[in-house]
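Following: one structure in structure tokens, then a few remarks.
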Amino acid sequence: MLIDYKKELNPEQYQVVTEGDGPCLVLAGAGSGKTRTLVYRVAYLLEKGIKPENILLVTFTNRAANEMMERVKNLLGVKPEDLWGGTFHRIGNLILRKYANQLGYERNFNILDQDDSVSLIKHAMDSLGLNTKGQSFPKPSIVQSAISYSRNTNQDVKETAEMVYGYPDFIADKFVEVSSLYEQKKKASNVMDFDDLLVNWLRLLEMVPEVKQRFSEQFQYILVDEYQDTNYIQAQIIQDLSTFHNNVLVVGDDSQSIYSFRAADVRNILNFPKLFSNAKVFRIETNYRSTPQILNLANEIIKHNVDQFQKKLKPAREGESLPALIPARDEHQQANLVVKRIMELYRGGRDYQNMAVLYRATYQSAEIQLELSKYNIPFVVRGGMRYFEQAHVKDVVSYLKVLANFQDEIAWKRILLLYAGIGEKGAEKIWNRIKSFTDLDELLKGNLELKGGADISWQRIVQLFVRLKSLDVQQKGNLGEAIELIMEAGYEDHLKNAYENYRDRLDDLSQLINFVALYSDLDKLLADVMLSESFADAHEHDQKAVVLSTIHQAKGLEWSVVFIVGLRNGHFPHHKSLENPKELEEERRLFYVAATRAKDELNMLYPIRSFSYKFGEVYSKPSMFIQELDPTRYVVEANQRSYMKEKDDEGNDVVYYD
């Protein structure tokens with residue numbers, strides 16, 4: 001043996017590496033070194049004389065596969081060239097290149113990328129006479145997303161369109177027609193999309209016995225990373241490939257299964273011992289990342305889930321302070337408290353890039369972004385758009401920009417392009433006519449002499465601006481009413497037919513209404529928004545910046561200091577999950593993932609009250625996830641500083657910083 005496995009691995013990892021024959025489920029807790037365990041398992045098999053071509057290592061990213069191969073090479077001193085390693089899609093492509101003809105394809109099929117797939121679906125919709133421009137049918141990207149989700153969850157397309165995307169029966173029927181024609185067009189063109197690389201791989205294994213026999217015999221050892229993120233098709237593929245040798249080792253953590261919206265199914269990992277008889281279950285629970293206090297809190301969080309494997313993260317290091325629960329008066333003070341603590345830490349020698357602010361939904365970062373900009377603290381938004389740069393937020397704000405500045409060409413064109421019958425050339429033509437008027441009042445009384453669909457849409461725009469002009473936007477609350485008018489005038493319908501995550505975008509805009517309703521000065525609002533954007537642009541590529549991220553985007557990462565914001569009932573967990581036990585458990589897993597990103601310090605914040613455009617001042621309790629915790633697992637920071645008390649709607653005392 002070239003490697004001293006006992007010396008280089010802890011006992012939990014060593015057991016997996018040396019005893020991982022047969023069906024094995026490895027429950028690898030956060031920060032427990034699962035990648036290290038997989039790398040050493042591959043090295044161990046190769047040292048035992050298993051040929052590289054008889055090992056299949058499946059990961060979810062090419063980067064992860066390449067990293068593992070490089071680490072195996074460093075361990076053994078030689079790169080295992082013939083080892084089958086990569087993503088499910090990569091392996092599926094390699095196999096289909098040999099056997100696509102068994103399914104009626106040529107072996108030289110092309111692969112459609114996302115844009116190509118949407119384009120082909122658009123052609124199918126055009127062939128069926130489905131019109132999206134009049135907002136009567138969802139855009140091709142939405143149809144593509146629904147078809148993809150249905151295939152990866154083994155769900156009927158119509159059921160997906162109705163139950164997941166919320167479309168009525170007569171629209172859902174059309175999804176089925178589009179899906180059928182889309183499949184025909186792909187076959188006729190000898191092309192596959194990314195989903196086909198999985199779907200057709202599974203079809204091949206289940207319809208062509210000799211192919212299944214060949215690969216199940218070849219792959220003597222199968223190792224799968226991040227098994228909690230597999231979907232229906234991926235889990236079925238692994239079952240089929242393991243039928244001959246039955247040496248399948250999957251590594252994952254059911255407590256970190258948070259991607260059901262991408263078709264991941266936590267049942268794959270939960271049911272593994274049932275699907276594979278005599279399966280061994282290993283636990284890697286020693287955490288090398290976080291302090292004992294943070295781990296105690298994390299264990300306390302996840303123990304309230306019913307559908308899970310019992311496990312307990314154990315610390316490998318020492319720590320001092322308990323996680324902090326920090327009540328704030330409102331979202332603005334919450335942002336201020338986060339920024340003040342960031343400045344304290346920075347003055348104490350902590351680098352900005354070692355700090356992260358995590359949130360359940362993007363809208364919860366709006367005030368944080370403004371506050372960081374105000375204090376010139378560099379920040380980057382990981383894996384997504386900054387709040388005020390999201391398309392739907394910019395669309396709505398464009399109407400406010402025109403109210404403030406009639407001559408804003410960019411805002412006008414953005415608005416015009418939202419309407420049926422107006423394309424790029426049409427928008428340019430209309431803008432040239434708009435700028436001939438002296439102000440908005442004159443324009444709304446004038447005549448642009450348009451024709452057809454463009455004229456119909458222009459009349460809708462005029463009617464909306466007449467209503468917006470009737471509002472006194474310098475009066476507190478009326479800016480919120482302005483956005484409500486924009487939503488009611490068709491923008492909400494546009495969202496539903498333009499974006500697959502339109503519900504999240506509706507949440508964003510609901511919070512935008514509450515945010516702008518606090519302003520009584522439109523110019524100040526727009527200045528704050530623009531200054532925030534320009535400051536963020538200046539630091540977009542700054543490596544030494546505070547990280548802002550949704551929890552979904554933060555999985556797999558770690559920071560010295562973590563702030564979790566917005567931990568109040570109805571927001572985290574999301575109010576729509578409260579009546580669905582499965583969704584509520586995934587929300588709790590999100591909280592667990594967020595907490596385990598922190599190495600040294602964890603701060604949990606929630607605003608006690610917020611302003612609602614519809615209901616005025618609204619009081620909130622801390623998240624039910626906080627309320628169910630043992631209070632000895634955290635400290636309420638307000639007890640250590642000056643604070644004020646108020647009564648909530650039920651007469652209970654609430655505290656927040658003064």
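The values are calculated or read from the model by the stated rules, or taken from the named source; none is laboratory data. Since the model is a prediction, treat every value here as computed from it, not as a measurement. Neighbour counts run over all protein chains shown; Cβ positions are idealised from the backbone, glycine included. For accessibility, only protein heavy atoms count, side chains too; no ligands or nucleic acids. Shrake-Rupley method; radii C 1.70, N 1.55, O 1.52, S 1.80 Å.
Go through Phe563, Phe515 for me and flag whichever is touching a residue at least 40 places away in the same chain (Cβ under 8 Å), outside any helix (DSSP H, G or I) and not hydroxyl-bearing (Ser, Thr, Tyr). Explain how you work it out, then say what you get.
On the way: Phe515 fails: outside any helix (DSSP H, G or I).
Every option except Phe563 fails the conditions.
Report, by residue number, each residue of segment 195-219 that is surrounded by 18 or more Cβ atoms within 10 Å (Cβ to Cβ) and either over 30 Å from Leu590 (Cβ atoms) or at pLDDT below 95 (or both).
If the condition is that a residue be surrounded by 18 or more Cβ atoms within 10 Å (Cβ to Cβ) and either over 30 Å from Leu590 (Cβ atoms) or at pLDDT below 95 (or both), then Asp196, Asn200, Trp201, Leu204, Leu205, Val211, Phe215, Ser216, Phe219 are the ones that fit.
Considering only residues of segment 299-314 that are of a type outside the set (S, T, N, Q) and assigned to a loop (DSSP other than H, G, I, E, B), which is surrounded by the most Cβ atoms within 10 Å (Cβ to Cβ)?
My answer is Leu313.
Between a first residue in segment 470-481 that is in contact (Cβ under 8 Å) with a residue 40 or more places away in the chain and outside any loop (DSSP other than H, G, I, E, B) and a second residue that is open to solvent by 30 Å² or more (accessible area, probe 1.4 Å) and of a type in the set (Ser, Thr, Tyr), which pairs have beta carbons less than 7 Å apart while being 6 or more apart in sequence or on different chains?
Every condition considered, the pairs that remain are Leu479/Tyr519; Gly480/Tyr613.
Under 9 Å between Cβ atoms, at least 6 apart or on separate chains: pull out the pairs that start in segment 257-286 with a residue that is farther than 20 Å from Gln15 by Cα and in contact (Cβ under 8 Å) with a residue 12 or more places away in the chain and end on any residue that is among the basic types (Lys, Arg) and open to solvent by 30 Å² or more (accessible area, probe 1.4 Å).
Correct list of pairs: Ile258/Lys555; Tyr259/Lys555; Ser260/Lys582; Ala263/Arg151; Val266/Lys582.
List every residue pair whose Cβ atoms sit under 8 Å apart, with the two residues 6 or more apart in sequence or on different chains, where the first one lies in segment 619-638 and is closer than 17 Å to Leu295 by Cβ and the second, anywhere, is basic (Lys, Arg) and not in a strand (DSSP E or B).
From segment 619-638, the pairs are Phe625/Arg588.
With respect to the numbered conditions (1) within 30 Å of Ala598 (Cα to Cα); (2) surrounded by 18 or more Cβ atoms within 10 Å (Cβ to Cβ), which one is the sole condition not fulfilled by Phe88?
(1)
Go through segment 285-314 and report how many residues are touching a strand residue (DSSP E or B) at 6+ places or on another chain (Cβ under 7 Å) and modelled with pLDDT under 95.
1
If I filter segment 220-251 down to residues being among the acidic types (Asp, Glu) and open to solvent by 20 Å² or more (accessible area, probe 1.4 Å), which single residue comes out as farthest from Arg36 (Cα to Cα)? Break it down stepwise before answering.
Quick first cut of segment 220-251, residues among the acidic types (Asp, Glu) only: 225-226, 229, 240.
Then drop every residue that is not open to solvent by 20 Å² or more (accessible area, probe 1.4 Å), which leaves 226, 229.
Working: Glu226: 13, Asp229: 19 Å.
Among those that are among the acidic types (Asp, Glu) and open to solvent by 20 Å² or more (accessible area, probe 1.4 Å), it is Asp229.
Need pairs with beta-carbon distance below 8 Å; first residue farther than 21 Å from Phe137 by Cβ and open to solvent by less than 40 Å² (accessible area, probe 1.4 Å) and within segment 487-511, second modelled with pLDDT of 85 or more and part of a loop (DSSP other than H, G, I, E, B); sequence gap 6+ or separate chains.
Final answer for the pair search is Asp507/Ala361; Asp508/Ala361; Asp508/Gln390.
When you scan segment 36-49, do you find a residue that is touching a Ser or Thr at 6+ places or on another chain (Cβ under 6 Å) and either closer than 30 Å to Thr286 by Cβ or at pLDDT 95 or above (or both), even just one?
In the first step, residues of segment 36-49 are kept if they are touching a Ser or Thr at 6+ places or on another chain (Cβ under 6 Å); the result is none.
There is no residue in segment 36-49 that is touching a Ser or Thr at 6+ places or on another chain (Cβ under 6 Å) and either closer than 30 Å to Thr286 by Cβ or at pLDDT 95 or above (or both).
From the set of residues in segment 415-457 that are of a type in the set (Ser, Thr, Tyr) and buried (at least 18 other Cβ atoms within 10 Å of the Cβ), which is nearest to Lys496 (Cα to Cα)? Steps first, answer last, please.
Going residue by residue through segment 415-457, those that are of a type in the set (Ser, Thr, Tyr) are 419, 436, 438, 457.
When the remaining residues are screened for being buried (at least 18 other Cβ atoms within 10 Å of the Cβ), the result is 419, 457.
Details: Tyr419: 14, Ser457: 19 Å.
By that ranking, first place goes to Tyr419.
Being farther than 19 Å from Ile608 by Cβ, open to solvent by 20 Å² or more (accessible area, probe 1.4 Å) and basic (Lys, Arg) narrows it down to one residue among Arg360, Arg329, Arg317; which is it?
Details: Arg360 fails: farther than 19 Å from Ile608 by Cβ; Arg329 fails: farther than 19 Å from Ile608 by Cβ.
The conditions single out Arg317.
Check off (1) open to solvent by 30 Å² or more (accessible area, probe 1.4 Å); (2) modelled with pLDDT under 95; (3) more than 22 Å from Asn268 (Cα to Cα) for Ile3 and give me the number that stays unchecked.
(1)
Kindly indicate whether any position in segment 206-229 is within 23 Å of the chain's Cα centre (by Cα) and under 17 Å from Ser117 (Cβ atoms).
Scanning segment 206-229, I find no residue that is within 23 Å of the chain's Cα centre (by Cα) and under 17 Å from Ser117 (Cβ atoms), so the answer is no.
Which of the following residues is in contact with a Lys or Arg (Cβ under 8 Å, 6 or more places away or on another chain), of a type outside the set (Lys, Arg) and within 26 Å of Tyr634 (Cα to Cα): Asp395, Asp330, Asp408? Before the answer, list the steps.
Numbers: Asp395 fails: within 26 Å of Tyr634 (Cα to Cα); Asp408 fails: within 26 Å of Tyr634 (Cα to Cα).
Matching residue, one of Asp395, Asp330, Asp408: Asp330.
Filter segment 421-454 down to residues that are part of a helix (DSSP H, G or I) and free of Cβ contacts under 8 Å to residues at least 24 places away in the same chain, then give me how many there are. Working first, answer last.
First, pick out the residues of segment 421-454 that are part of a helix (DSSP H, G or I): 424-434, 440-445, 452-454.
In the following step, the residues that additionally are free of Cβ contacts under 8 Å to residues at least 24 places away in the same chain were identified as 424-425, 427-429, 431-434, 442, 445.
The total comes to 11.
Suppose we keep only residues that are surrounded by 19 or more Cβ atoms within 10 Å (Cβ to Cβ) and aromatic (Phe, Trp, Tyr) within segment 399-414. Which one would you say is nearest to the chain's Cα centre (by Cα)?
Top of the filtered list is Tyr399.
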